[in-house]
Amino acid sequence: AYLSGDIYEKLDAARQRAERDPEFAVNITALEQVKPEPLGAEDITPRIGAVWISAQIHQQFLTELLQARDVVVENPVPGMWQVKGGRHGIRSTSEWGTERRSAPVLLEALAEQRPILVYDTEKDVEGKERQVLNPTETAAAQEKANQLQERFAEWVWEDPERARTLVDGYNRRFACIALRDYTSAADYLTFPGLAANTITLRPHQRAAVARMVAEPSVGLFHEVGAGKTAEMVCGAMEMRRMGLINKPVVSVPNHMLEQFSREWLQLYPNAKILTASSQDVTRDRRRAFVARAAANEWDAIIMTHSAFERVPLRVDTEREYRDRQLDGLRAALEGADKDDRISVKRMQRALTMAEERLKKLADKPRDSGINFEDTGIDYVIVDEAHLFKNLATPSNIRDAAITGSERASDLHMKLEYLRSTGRKRIVTAATATPISNSITEAYVMQRYLRPDLFYAAGIGESFDAWAATFGETVTQMEMSPTGASFRMKTRFAKFQNVPEMLRMWSTFADVKAAEDLKLPVPDIRIRDDGNRAPLTRGVAPSSELVAFVKTLGERAEMIASGSVDPREDNMLSVTSDGRKAALDMRLIVSDDPSGPTKVDVAADMIFRTWENTRDTEYLDTVTGEPSPIKGAMQLVFSDLSTPNKERWNVYEELRTQLIYRGMPAEGIRFIHEARNDLEKGRLFAAARAGHISVLLGSTERMGVGTNVQARAIALYHLDCPWRPSDIAQREGRILRQGNQNEEVAIVRLVTERSFDSYMWQGVERKAKFISQVMRGRLDVREIEEIDSASLTAAEAKAISSGNPLLLDQANLQSEVTRLRRLERAHQNNERMLEYTRSQAVQDAARAADDIEGIRAAIPNMIDTTAEKFRITIQGRFYDSRSDAGHALMGWARQANMQYAGRHQVQDYGVIGRIGGFDISCELVPEMAGDVLVRTSLHGVPRGSFTVTRDSFLQGGVGLIQRIENRMAALPKLLTEAEQDLARAEQTRQDAEQRLGQPFKHALALSAAEADLEKVEKKIAVMQRQTPEEPTPEPERVSASPPRPELTVEAVRAYQPRGGVRSEPDQQRPHTPAAAPSAFDPMPLRPSGLQIGR
């Protein structure tokens, strides 16, 4: 434990102890060995508003950039910045800003993560003024803001001394944590009272319990089926046995209360537990429950999430919580310059909004005298903690701000209450999906579990300060929800300095993925390439789809060039149309397709699998005996085109196709038939019993909580959702313990030359990043944000052209730009190291001279303590400190020190003598305009101190004592000089060791530049060639009239997109004129009872 955590902090403490006790030298050696490798300037991405870059440095940047001396930058609380002055002149309003948004205004907005928008005031038809976005001025201001941000990132590293200071500060804040491995600690756990015949804890479970015992808060982020319940139960029992906690509460989903309580007693039969559902804490029963909770020594109190929320904190505790949340804003307001009305008004507005937000949490009905504090609960365990993600998070980034739910705020208040009592153990949160769609979700989870790490890093609880440190935002124009206007949307584009962000995450996150656990779930069927992985089944595009996708590319090009109003078209609309077309063109136009569709391919695969598995035997999931009902079940997912009585939809079409091929209609069911939990339970029971052959549903309705895996033999993705967690939830319905098949198929149906392939590539990329973030194993320093809901223009253009080189070109251009910036950062770092080395040589020489001088001076010291005091001032002897003080003040006035000019330098020479040393005095002007007086032991290195002129003129006895103390401190000054020499030598060695190292991305940059050159040459050749006409498809029998050409204008004009459902007497399915070829027959033949689990 000692060799983990903040190593820099422990090293500082060890060095201080080693000065008094040499035995601590071994601590220093051990800590140095585990200290994280320090980062260099080339590794760190600086951004305006980052917490590790002080307001003073921001001020220096703006002062130099604008050549303005009146600039003042302040950062009173994390996430709040004030920039004053410097708002006039060409540099501020033209070179680095605009007339409407000057450079200081832009810097303040960037620091606070506020969107940069410019509005005009107009009058409506009624003469009322309204604010209207000016897109031209907004675009100009945003471009200047980007330039300001880029210049800041370069400027920060240009001065070697500044760069060295910042790099050291960054390492101390963020690269200071050494992580702990709990494998060894787990070996010492014995688990008295655990039913040995019930469970044998696996190594990862024992390590998780060891972590709960050792850490203040833990996130059990383990895959479904990893045994989180046993970890929570054993962790609570062990902590209680060791006296670390007294009375833990476990908050579980409402439907899990009985199951969780039963499993607790199976693990610990003698445990004393109290359970509570929402009915147990109704108004008339709550008092009795709290009395029972408080009066007995429970091993655990198990409550549903709803019940946990219904036991409130005391009013005064909630008030203290609100006050703590507002303390920073109130302190900033009190310390603000009252003459700066704009800043004061902004802070008052922020304080008022925060007060109103917190007041809403307090305005809820409560029972008098029934409080959480009275229960004696001192530790919280939260199962399915992702259900508490909506913790109120104020932010200037509109899409990142969270209004907050009462449930989440209630949990946060209770955890903060436990922290305020000084307890060392607070909470364990368990969930398989702490991050489902956005890396910003990691911020919310850390606020629950380890907010102290945020405070140690200077972030506090300000999301915008966290975003400024680790994120990069972009602002883009998009259509409003009504479609009647457009608006500017600010979102995260990427995350930077990611390894340091993950160091904090990994401190509390215990992550276990499926590959770590090797759970007894079915294997995925082996593909032709020998890999066990989902099968991607290509579907040939129709001529209509190819033509339509071409129009999407044209639309994307027009959007990217800015030649279309976002109210008329945007990439979100293009992406939506592209996804619909990839699923089925009948969602775009109502005509029958001219060739095989994705539904045709899916119907063939499902039907053949049904034929191959209709006689497979399974065990009854209730009795465990062989079931009289035979046959496997297949799952089909589609989030688009769900059942709709008014329009044609894929669900109805697929069912009709399957019935047409010969499947019984009663065996094909939709999840949408279940309107409530009771009906859903009956539907699931029917699926497990074998009454359902095919179950169709969406991720939302058939994902979490769908327990139908017993007979599931195949799963089909008709479309691709945006979130990796949705894919995991879908496939978790079949890759699950309790599935009696040893091998299953997962099929992703992908329409070629459509948006499908890019959607699947994108979601796999997101899944990879989430996995790396969860496991803290990222080997890159920046990643793109993953919650995008539309493809890029470059992706759409590449899809429409059928030329992936265009996308390669865009990606390579971005990569070359990124690597060239890193190369410049490396060059800046080399300059910084050279300066640091040179400065260290000078510092070492200066320290060596000081050591020599102080050593020579120490033997001349004469004791002046107590009655031995003697001093001479201007040739006159004094043995009274009071008299000497008055004499010194009198001399200063006689020397007219009070009349010296602010910038005057005056050396008064030797003015007296004390303890064997002459006393000299001089005036030293200071940049802020104050006049300083330096008093020295003449000729003694480090023997001086400086005070303001006013302090000197009024110094008296205090000034005499300072002179005396300076002389007495010579032995200490010698020690400091020796330490400075050692540090300077170490700094020189470190700098020389790193100096001259090659740019580590040089090969990657050369390769990217070469690849870009090759791609651009290929594109140029292709553009010079006359494209061949596509081979016409054979004629198909069709009663439909010829279709008009699919142009951009025709597509935009067509309404509605979604097709029209056939009348009941027209339910005959579409059958293509030519039978589709090369269908995978998927001969899955599970041996039922022989291989069932």
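The values are calculated or read from the model by the stated rules, or taken from the named source; none is laboratory data. Since the model is a prediction, treat every value here as computed from it, not as a measurement. In this analysis, Cβ positions are derived from the backbone assuming ideal geometry, glycine residues included, and neighbour counts consider all displayed protein chains.
Observations on the structure shown:
- Only one of the listed residues (Asp529, Asp516, Asp510) is touching a Lys or Arg at 6+ places or on another chain (Cβ under 6 Å) and farther than 13 Å from Glu743 by Cβ. That residue is Asp510.
- Residues that are within 17 Å of Asp950 (Cβ to Cβ) and buried (at least 19 other Cβ atoms within 10 Å of the Cβ), drawn from the stretch 901-922: Cys921
- Among the candidates Leu133, Leu148, Leu110, residue that is farther than 21 Å from Ala468 by Cα, touching a residue at least 40 places away in the same chain (Cβ under 8 Å) and assigned by TED's automatic domain parsing to the domain that holds Leu62: Leu133
- Among all residues of the stretch 193-211, there is at least one that is basic (Lys, Arg) and under 27 Å from the mean Cα position of the chain (by Cα).
- In the stretch 469-523, the qualifying residues are those that are part of a strand (DSSP E or B) and among the small types (Gly, Ala, Ser), and the one that is modelled with the lowest pLDDT is Ala493.
- Any hit, the stretch 524-535, residues being among the small types (Gly, Ala, Ser) and in a helix (DSSP H, G or I): no
- Apart from one condition, Asn707 fits all of (1) in a loop (DSSP other than H, G, I, E, B); (2) in contact (Cβ under 8 Å) with a residue 40 or more places away in the chain; (3) surrounded by fewer than 21 Cβ atoms within 10 Å (Cβ to Cβ); the exception is (2).
- Within the stretch 171-192, tally of residues that are loosely packed, with under 15 Cβ neighbours inside 10 Å, of a type in the set (Val, Ile, Thr) and within 29 Å of the chain's Cα centre (by Cα): 1
- Within the stretch 259-286, the set of residues being exposed (fewer than 15 other Cβ atoms within 10 Å of the Cβ) and at pLDDT below 85 comprises Gln259, Gln279, Thr282, Arg283, Asp284, Arg285.
- Residue ID - nearest to the chain's Cα centre (by Cα), chosen from residues in the stretch 3-40 that are among the charged types (D, E, K, R) and either in a strand (DSSP E or B) or closer than 29 Å to Lys1000 by Cα (or both): Asp6
- When residues in the stretch 655-676 are screened for being among the acidic types (Asp, Glu) and either in contact (Cβ under 8 Å) with a residue 60 or more places away in the chain or out of contact with any Asp or Glu (no Cβ under 9 Å at 6 or more places or on another chain) (or both), 1 of them pass.
- Annotation note: of Glu679, Glu700, the sole residue that is under 21 Å from Asn254 (Cβ atoms), out of contact with any strand residue (DSSP E or B) (no Cβ under 9 Å at 6 or more places or on another chain) and either in contact (Cβ under 8 Å) with a residue 60 or more places away in the chain or outside the structural domain of Ser771 (by TED's automatic domain parsing) (or both) is Glu700.
- Criterion (surrounded by fewer than 17 Cβ atoms within 10 Å (Cβ to Cβ) and modelled with pLDDT of 90 or more) met by exactly one of Ala18, Ala13: Ala13
- Wholly within the stretch 405-464, helices (runs of 4 or more DSSP H) carrying at least 2 residues that are hydrophobic (A, V, I, L, M, F, W, C), touching a Phe, Trp or Tyr at 6+ places or on another chain (Cβ under 7 Å) and touching a residue at least 12 places away in the same chain (Cβ under 8 Å): 406-420, 441-449
- Restricting attention to the stretch 261-310, the residues that are farther than 23 Å from Leu201 by Cα, in contact with a strand residue (DSSP E or B) (Cβ under 7 Å, 6 or more places away or on another chain) and of a type in the set (D, E, K, R) add up to 1.
- Single match in Leu1005, Leu974 (criterion: among the hydrophobic types (A, V, I, L, M, F, W, C), within 30 Å of Lys868 (Cα to Cα) and modelled with pLDDT of 90 or more): Leu974
- The set of residues from the stretch 724-738 being part of a loop (DSSP other than H, G, I, E, B) and farther than 25 Å from Val601 by Cβ comprises Arg736, Gln737, Gly738.
- Flag for Gln898 being out of contact with any helix residue (DSSP H, G or I) (no Cβ under 7 Å at 6 or more places or on another chain), assigned to a helix (DSSP H, G or I) and surrounded by fewer than 20 Cβ atoms within 10 Å (Cβ to Cβ): no
- Residue in the stretch 559-579 that is surrounded by fewer than 24 Cβ atoms within 10 Å (Cβ to Cβ), closer than 20 Å to Gly538 by Cα, among the hydrophobic types (A, V, I, L, M, F, W, C) and in contact (Cβ under 8 Å) with a residue 24 or more places away in the chain present: no
Yes/no matrix, rows are residues, columns are (1) exposed (fewer than 15 other Cβ atoms within 10 Å of the Cβ); (2) under 35 Å from the mean Cα position of the chain (by Cα):
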| residue | (1), (2) |
| --- | --- |
| Gln809 | no, yes |
| Leu819 | no, yes |
| Leu822 | no, yes |
| Glu834 | no, no |
| Arg837 | no, no |
| Ala848 | no, no |
| Ala866 | yes, no |
| Ile871 | no, no |
| Ser880 | yes, no |
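- Assessment of the stretch 320-343 against the conditions (part of a loop (DSSP other than H, G, I, E, B), within 30 Å of Val213 (Cβ to Cβ) and modelled with pLDDT of 70 or more) yields no matching residue.
- Entry remark, the stretch 923-950: residues being of a type in the set (D, E, K, R) and surrounded by fewer than 16 Cβ atoms within 10 Å (Cβ to Cβ) number 4 in total.
- Total residues in the stretch 709-752 satisfying the condition of being β-branched (Val, Ile, Thr) and in contact with a Gly (Cβ under 9 Å, 6 or more places away or on another chain): the figure is 2.
- Criterion applied to Glu515, Glu544, Glu557, Glu568 was being closer than 25 Å to Val773 by Cα and out of contact with any strand residue (DSSP E or B) (no Cβ under 8 Å at 6 or more places or on another chain), and the one residue passing it is Glu515.
- Exactly one residue out of Ala602, Ala582 is closer than 19 Å to Ile734 by Cβ, of a type in the set (Gly, Ala, Ser) and in a helix (DSSP H, G or I): that is Ala602.
- Only one of the listed residues (Ala68, Ala50, Ala103) is surrounded by 23 or more Cβ atoms within 10 Å (Cβ to Cβ) and more than 26 Å from Phe174 (Cα to Cα). That residue is Ala103.
- Criterion: closer than 30 Å to Glu263 by Cα and either small (Gly, Ala, Ser) or assigned by TED's automatic domain parsing to the domain that holds Gln59 (or both) - qualifying residue of Ala186, Ala140, Ala163, Ala178: Ala186
- Counted as qualifying within the stretch 945-1016 are the helices (runs of 4 or more DSSP H) with 2 or more residues that are not assigned by TED's automatic domain parsing to the domain that holds Arg913, namely 970-994.
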